[in-house]
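Input: a single structure, listed below in structure tokens.
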């Protein structure tokens, strides 16, 4: 395990790269997480700066930390991020993924992009504000979370369910996912997440004729399940044009040349959506996910002996629902697609708001656009973040981890081997976050 410098310095806010390297050196792979040493280290930093904080935990080995930098009378602004990371099993790495190596201008390691770089930016900002004489307009809250990669049950979900009072008076928060640069049809854009698809996990159970596997048997549970999987695999569910997707596509279309802009506008016409997506091919994969509920079979369970045809088989589906949809909606869509009357159990559903509060978007967009010359766009995220949990206590999250990555393939490196980030962009991003915090007046 990597060693750690004792967090006694009160100028480390000036070195966000060093903060990131230290964060990477905590092996917070989820499962099991083991975030406590990392959270304790962050707590020691705030203590050195004279900032009060508390920790909250469902599991003592997986605490969450909330620090408060006092400010004026404006509503608090929350900066939050998760310190757990995904495994590195069976991946190839140039450097040890938990050493925080700085080489060739990059910080290498698991979490360099998702999302310890964001935590370093937020931490540097909170500590910097604490070290300065000028009080912010409102309290600046810093929240370090466990268990985001596992769904947040020991992290944001736990806090929202058991300690909702922590978020009293908080209207807006900065977290993941967004702020990075992305070229679309020659236009430099910076997506800022304002909403996300909803996590919905289903178990579908199939029953059929059982018997000895040496005999021909029809109508088996396994056969029914295989038919279901074959029909669901790669088939689109119905189109849903939601307000968050509409705003995202219209914002993009306004910045693109006529032909590209018209094609994005065409995506918002349900009668043309799927044809346009087919024309776009792989380039439209993310847009596809934002305009449909999705359902993917990720596990199957059934049978306990090689020579026995099982009477019951279960398929597990990871569904992601567009804002405003419910589990019953995607079940109806699956039944219409397959022609089956399905036996479904909803294992998990994390609902989110049908529309975003865009009250802080223009201000954040302005900071990015002034710094880059690009255009900021509102992002509907196809995956899930801790923002969906905070939405339950009426906190609007904005994905705001500013990055200038150039040719670095951001989406290909997240959760992959050789995850890395340019050191200079960590410093640049921390400065952008600080600007946003100082400009915020509620």
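The values are calculated or read from the model by the stated rules, or taken from the named source; none is laboratory data. Here the structure is a predicted model, which means the values were calculated and not measured. Note: ideal-geometry Cβ built from the backbone for every residue, glycine included; neighbour counts use all protein chains shown.
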Taking the stretch 287-344 and keeping residues without any contact (Cβ under 8 Å) to a residue 60 or more places away in the chain, touching a helix residue (DSSP H, G or I) at 6+ places or on another chain (Cβ under 7 Å) and closer than 25 Å to residue 219 by Cβ leaves 341
Tell me the helices (runs of 4 or more DSSP H) entirely within the stretch 195-298 that contain at least 2 residues that are assigned by TED's automatic domain parsing to the domain that holds residue 317 and under 26 Å from residue 359 (Cα atoms). 243-255, 258-266, 285-290
Exactly one condition in (1) surrounded by fewer than 21 Cβ atoms within 10 Å (Cβ to Cβ); (2) in contact (Cβ under 8 Å) with a residue 40 or more places away in the chain is false for residue 183; which is it? (2)
What number of residues in the stretch 265-284 are buried (at least 16 other Cβ atoms within 10 Å of the Cβ) and modelled with pLDDT under 90? 1
Restricting to the stretch 390-430, give me the number of residues that are buried (at least 17 other Cβ atoms within 10 Å of the Cβ) and either closer than 15 Å to residue 366 by Cβ or without any contact (Cβ under 8 Å) to a residue 12 or more places away in the chain (or both). 3
So residue 171 ticks every box in (1) out of contact with any helix residue (DSSP H, G or I) (no Cβ under 9 Å at 6 or more places or on another chain); (2) modelled with pLDDT under 95 but one. Which box is left unticked? (2)
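This table checks each residue for (1) more than 29 Å from residue 271 (Cβ to Cβ); (2) at pLDDT 95 or above.
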site	(1), (2)
286	no, no
293	no, yes
309	yes, no
317	no, yes
320	no, yes
331	no, yes
337	no, yes
347	yes, yes
355	no, no
Taking the options 98, 142, name whichever one is over 20 Å from residue 179 (Cα atoms) and either at pLDDT 95 or above or buried (at least 24 other Cβ atoms within 10 Å of the Cβ) (or both). 98
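Residue by residue, here is whether (1) touching a residue at least 24 places away in the same chain (Cβ under 8 Å); (2) surrounded by 23 or more Cβ atoms within 10 Å (Cβ to Cβ); (3) under 27 Å from residue 171 (Cβ atoms) holds:
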| position | (1), (2), (3) |
| --- | --- |
| 52 | no, no, yes |
| 60 | yes, no, no |
| 64 | yes, yes, yes |
| 67 | yes, yes, yes |
| 70 | yes, no, yes |
| 73 | yes, no, yes |
| 80 | yes, yes, yes |
Elements of type strands (runs of 3 or more DSSP E) contained in the stretch 342-442, each with 1 or more residues being over 21 Å from residue 325 (Cβ atoms) and not assigned by TED's automatic domain parsing to the domain that holds residue 322: 375-381, 396-399, 420-422
Of all residues in the stretch 240-252, count the ones that are buried (at least 19 other Cβ atoms within 10 Å of the Cβ) and either free of Cβ contacts under 8 Å to residues at least 24 places away in the same chain or touching a helix residue (DSSP H, G or I) at 6+ places or on another chain (Cβ under 6 Å) (or both). 3
Starting from the stretch 213-235, keep only residues that are without any contact (Cβ under 8 Å) to a residue 40 or more places away in the chain, then list their pairs with residues that are part of a loop (DSSP other than H, G, I, E, B) and surrounded by 11 or more Cβ atoms within 10 Å (Cβ to Cβ) whose Cβ atoms are within a distance under 8 Å, requiring at least 6 positions of separation or different chains. 218/209; 219/208; 219/209; 223/208
Only one of these conditions is not met by residue 211: (1) under 27 Å from the mean Cα position of the chain (by Cα); (2) over 29 Å from residue 190 (Cβ atoms). Which number is it? (1)
If I go through the stretch 272-327 residue by residue, how many of them are over 26 Å from residue 346 (Cβ atoms) and in contact with a strand residue (DSSP E or B) (Cβ under 6 Å, 6 or more places away or on another chain)? 2
Out of curiosity, is residue 129 buried (at least 20 other Cβ atoms within 10 Å of the Cβ), assigned by TED's automatic domain parsing to the domain that holds residue 19, touching a strand residue (DSSP E or B) at 6+ places or on another chain (Cβ under 7 Å) and in contact (Cβ under 8 Å) with a residue 60 or more places away in the chain? yes
